[in-house]
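Notes for the one structure printed next.
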Protein chains: 2
Amino acid sequence: MDRSNYLPSVSIDCVILGFHDNELRVLLLKIKNLNIWALPGGFVELSQDLDLAATAVLKRRTGLEDIFLKQFKVFGAADRNQVETVDKMVADGILPEASRAWFAQRFISVGYYALVEYAEVIKPQPDFTSEACEWVPLNDLPPMIIDHTEIIKQAHITLKKELNYQPIGLNLLPDEFTIPELQALYETILMRKLDRRNFRRKILAYGILIDTGQRRMGAQNRAPIIYKFNKEEYQQVLARELESGIF
Amino acid sequence: MDRSNYLPSVSIDCVILGFHDNELRVLLLKIKNLNIWALPGGFVELSQDLDLAATAVLKRRTGLEDIFLKQFKVFGAADRNQVETVDKMVADGILPEASRAWFAQRFISVGYYALVEYAEVIKPQPDFTSEACEWVPLNDLPPMIIDHTEIIKQAHITLKKELNYQPIGLNLLPDEFTIPELQALYETILMRKLDRRNFRRKILAYGILIDTGQRRMGAQNRAPIIYKFNKEEYQQVLARELESGIF
DNA sequence: CCAAAAGTGTTCGGACTACACCCATGT
DNA sequence: ACATGGGTGTAGTCCGAACACTTTTGG
């Protein structure tokens, strides 16, 4: 693996969030032979846009493309390196001796977060340094490398703030869903209960839901209406928010 | 100048904003022998926190410390380098041949912005590559290097958004000021008129202003009350905002 | 006295909150 | 029938937008 193709000092970490069993989950890699987990990350090729490098990480781990991916913060503490971990991995033969210096260097890491539909990620892909790639509940994180716990925390804070000004759900929910399901997503992200009736009104007011005319049967209660996102309107609402601060 | 003390590939650009003559101004450096301007920037020492490096840039150019300085975005396009400009500067003897490679490399630049009190910056300091360091009105920018125009634009957008949830003015106004003066600052940042009465009510509701009991005399109209910021309350309001997304 | 701009109060409407009620579904 | 949770309506409250009047200052 030739490290000379990458920009030194710069890394990318992706907080890939999915929603399952009414829980927010983040995609993590378990480092071989160690009880330490890490965010999927990567480096930037010499002639590659930073955002593209992030997109490539997402693609590599999940197979997904065209997903909402957003830079949210840079992590640049002086002690952001992992000498001990790298030494151990070299000793275990996981990393070749030749790449010790590369991985042990200090990185400035750009944090990105993505929202993906859990079900569409068939088989998360570990890399050669990791023995597992799993969805881990956000509120039950294992020991993480360096500051990755903090990175996840910051991603979650960012997500909560975004929720106040933008609809969220496309990419995070299946194609078809009910309003109660969408509400469960919101409640999970915000970590608090919302009023059913007010939520419905607010979300319908966005004008981004399409009534499919179908209902979700099977439960021991009134069958809720199944909706789809009106993707054009959805994108327009997002764009309106982003535009809000034109120069 | 030994470049081996710095992290490669990573740079910092600071959008230092001041307020004067009812205009927002940004501190720019004019590159020697060229009609191109640049944001004050710098690099990160090998064992220096990223945020500290940004603070150092601010200190170096303005002499100011303990100023609100915030990371707002990373600029990582693949073509973010300045080969032609560097070649010209080396040819002109401004940059030593030995540092050509350093300055011509591709940088991932972390954007910071700062709000400073115009009057407190006595004499902005140019560096050895620049022949001037001046306050330039934000809506009358000269030709800028690489993507620095875009960086300033993004900083302004960020500032406008911050304004919606936080008070701004400490660091940007003199110690004593009137509410109409504070309103002029807001109107300049937001680039639109605000209602006098609603503005007054809203800003007083924050509880961060102290009536000094004095009035600004001299104008041909009723003398406005002079206020000071209640700095403790001000910081608390800011902290409350930042805390708002606790895990 | 007059122009100019500061200080004060009131009203209106929209958005969010907090509720109570009815309806459909599976057991 | 009944427990469960979905769909609908309504009154109260808060906040911001819009606007009219009075007060103070210098000329």
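Values quoted throughout were computed directly from the atomic coordinates according to the rules given, and no laboratory measurement underlies them. These figures come from a predicted structure and were not determined experimentally. Don't worry about glycine lacking a Cβ; one is built from the backbone with ideal geometry, like all the others, and counts go over all protein chains shown.
Here the label points at A:GLU187 and B:GLU232, each 7 Å from Cα along the C-beta direction, are separated by 4.1 nm in the simple model.
Shown here for region A:155-247: trypsin sites (Lys or Arg not before Pro) in loop regions (DSSP other than H, G, I, E, B) with at most 12 other Cβ atoms within 10 Å, namely A:ARG192, A:LYS193, A:ARG222. Distances between placed amide hydrogens fall under 5 Å for A:ILE16 paired with A:LEU27, A:ALA114, all partners being 5 or more residues away or on another chain. In the distance distribution for region B:63-113, Cα-Cα pairs more than 15 Å apart total 59 percent.
Restricted to Cα atoms, chain B shows a radius of gyration and a Dmax of 20.0, 63 angstrom. The Cα atoms of region A:1-125 cover 41, 33, 27 Å along the three principal axes, with the biggest extent listed first.
Here the protein assembly as shown is treated with +1 on each Lys and Arg Cβ and -1 on each Asp and Glu Cβ, and its dipole about the Cα centre works out to around 1780 debye.
Relative to the longest principal axis of the Cα atoms of chain A, the long axis of helix A:179-190 lies at roughly 40 degrees.
Inter-copy label distances at B:LEU194, shortest first and taken from points set 7 Å along Cα to Cβ: 2.9 nm. Neighbours of B:GLY93 by Cβ distance under 13 Å: Lys/Arg scored +1, Asp/Glu scored -1, total 0. Only helices enter this figure: runs of n ≥ 4 DSSP H residues, each worth -39500 (n - 2.57), summed and divided by the residues of chain A, yield -10000 deg cm²/dmol at 222 nm to the nearest 500. Toward the positive end of the charge dipole of chain B, with +1 on the Cβ of Lys and Arg and -1 on the Cβ of Asp and Glu, the farthest Cα among B:HIS148, B:ALA98, B:GLY18 is that of B:GLY18. Helix B:50-62 and the long axis of chain B differ in direction by around 80°, with both axes built from C-alpha atoms. Between B:LYS73 and B:GLY111, the built amide H atoms are under 5 Å apart, and every one of these is 5 or more places off in sequence or on another chain. Summing Lys and Arg as +1 and Asp and Glu as -1 over all other residues whose Cβ lies under 14 Å from the Cβ of B:GLY42 gives a net charge of -1. Which residues in region B:169-203 have a backbone N closer than 20 Å to a point placed 7 Å from the Cα of B:ARG240 along the Cα-to-Cβ line? Flagged as within label range: B:169-171, B:198-203.
Across identical copies of the chain, A:ASP211 has label-point separations of 5.6 nm, listed in ascending order, with the point defined 7 angstrom from Cα along Cα→Cβ.
Placing pseudo-labels 7 Å out from each Cα toward the beta carbon at B:LEU141 and A:ASN5 gives an inter-label distance of 3.5 nm. Between this copy and the others, label points of B:ASP87 are 4.7 nm apart in ascending order, each placed 7 angstrom from Cα in the Cβ direction.
For the protein assembly as shown, the fraction of alpha-carbon pairs lying more than 36 Å apart is 41 percent, rounded to a whole number.
Averaged over its residues, how many other protein chain Cβ atoms are within 10 Å of peptide A:69-78's Cβ atoms?
Partner Cβ neighbours, averaged per residue: 5.
Note on B:8-17: average number of Cβ atoms from other chains within 10 Å of each residue's Cβ is 2. Counting, for every residue in A:149-161, the Cβ atoms of other protein chains within 10 Å of its Cβ and taking the mean gives 2.
Given R0 = 30 Å, the distance between the Cβ atoms of B:ARG100 and B:LEU46 translates into a calculated FRET efficiency of 0.90.
Averaging Cα coordinates gives a centre for region B:25-97 and one for region A:107-143; these two points are 35 Å apart. Shape index of region B:131-247: Rg/Rh, with Rg the Cα radius of gyration and Rh the Kirkwood radius from the inverse mean 1/r over Cα pairs, equals 1.02. Say R0 is 22 Å: what FRET efficiency, to the nearest 0.05, do A:GLU134 and A:ASP66 get from their beta-carbon distance? Rounded to the nearest 0.05, the efficiency is 0.40.
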